[in-house]
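In what follows, a single structure is set out as structure tokens and then discussed.
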Amino acid sequence: MSVKQQLLNIVQTKDPQRPDDWKQFMAEACMIFRQKSTDYEDRFIKALMTMDAHTLWAWEVDKKLDRIRTWLKRGELQVKTEGIRNSVDDLFIYTVQYVAWNDTKEDERPKFLDRVQHNRSGFLYWHADTFKPKYWVDLLEEDGRIHKDEKLLKLILRQYMGDTIRTDEWQSAIRTMLKEI
């Protein structure tokens, strides 16, 4: 399948894994966060508290972004049980936790884990819903996780977070990508 055909499929196909809107994405992300943080016994939060938080976050997010980049290049992934949505959910959840940690005052950090465990879904929702998908994607670009020319990647992230993408945004991203091949 040509790259052009793959791009058209991405834009035109309604993936059942894609949320209809930001509210649906947030509700599902909160549920996933609650389940994973319980299953992993808050491993990421504990690591934020004991390791270099930025390095830890960047490592996790870069893995997820690389997986999505692979999908954009090849049109498929080898691990069929985990799709793009899983990667978007994970990188979003890691990013919200990292931002929440950074926003926590130094003297309040020892109680950070308790705050998370007290109300896992509420914790994620409270920190994440103040912003919209574009903000979260812009944050990844500002930190150097995403290059400014990776327009299609940014739109895919926003789309899988339930954002509405304008036609001119898709056209610009596709033109940029076609120039690269």
If R145 passes every condition in (1) of a type in the set (K, R); (2) part of a helix (DSSP H, G or I); (3) surrounded by 14 or more Cβ atoms within 10 Å (Cβ to Cβ) but one, which one does it miss? (2)
Name the single residue, out of those in the range 57-72 being closer than 14 Å to R145 by Cβ and without any contact (Cβ under 8 Å) to a residue 40 or more places away in the chain, that is most open to solvent (accessible area, probe 1.4 Å). W59
Hey, can you tell me all the residues within the range 33-48 that are open to solvent by 20 Å² or more (accessible area, probe 1.4 Å) and either hydrophobic (A, V, I, L, M, F, W, C) or free of Cβ contacts under 8 Å to residues at least 24 places away in the same chain (or both)? Q35, D39, Y40, E41, R43, F44
Any hit, the range 43-60, residues being part of a loop (DSSP other than H, G, I, E, B) and either under 26 Å from Q17 (Cβ atoms) or among the acidic types (D, E) (or both): yes
Flagged pairs (Cβ under 6 angstrom, 6 or more apart or on separate chains; first in the range 109-123, among the polar types (S, T, N, Q); second part of a helix (DSSP H, G or I) and open to solvent by 30 Å² or more (accessible area, probe 1.4 Å)) are S121/R34
For the range 73-89 the number of residues that are open to solvent by 20 Å² or more (accessible area, probe 1.4 Å) and within 21 Å of M31 (Cβ to Cβ) is 4
Six or more apart or on different chains, Cβ under 7 Å: which pairs go from a residue in the range 140-153 that's within 12 Å of T95 (Cα to Cα) to one that's of a type outside the set (K, R) and part of a loop (DSSP other than H, G, I, E, B)? Could you list them? L140/I146
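Residue-by-condition table, conditions (1) in a helix (DSSP H, G or I); (2) at pLDDT 90 or above:
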| residue | (1), (2) |
| --- | --- |
| T81 | no, no |
| H127 | yes, yes |
| Y135 | yes, yes |
| L140 | yes, yes |
| D163 | no, yes |
| D168 | yes, no |
| K179 | yes, no |
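The values are calculated or read from the model by the stated rules, or taken from the named source; none is laboratory data. Because the structure is predicted, anything quoted here is derived from the model rather than measured. Virtual Cβ from ideal backbone geometry, glycine too; neighbours counted across all protein chains shown. Please note that ligands, DNA and RNA were not included when accessible areas were found on the heavy atoms of the full protein model with its side chains. Shrake-Rupley method; radii C 1.70, N 1.55, O 1.52, S 1.80 Å.
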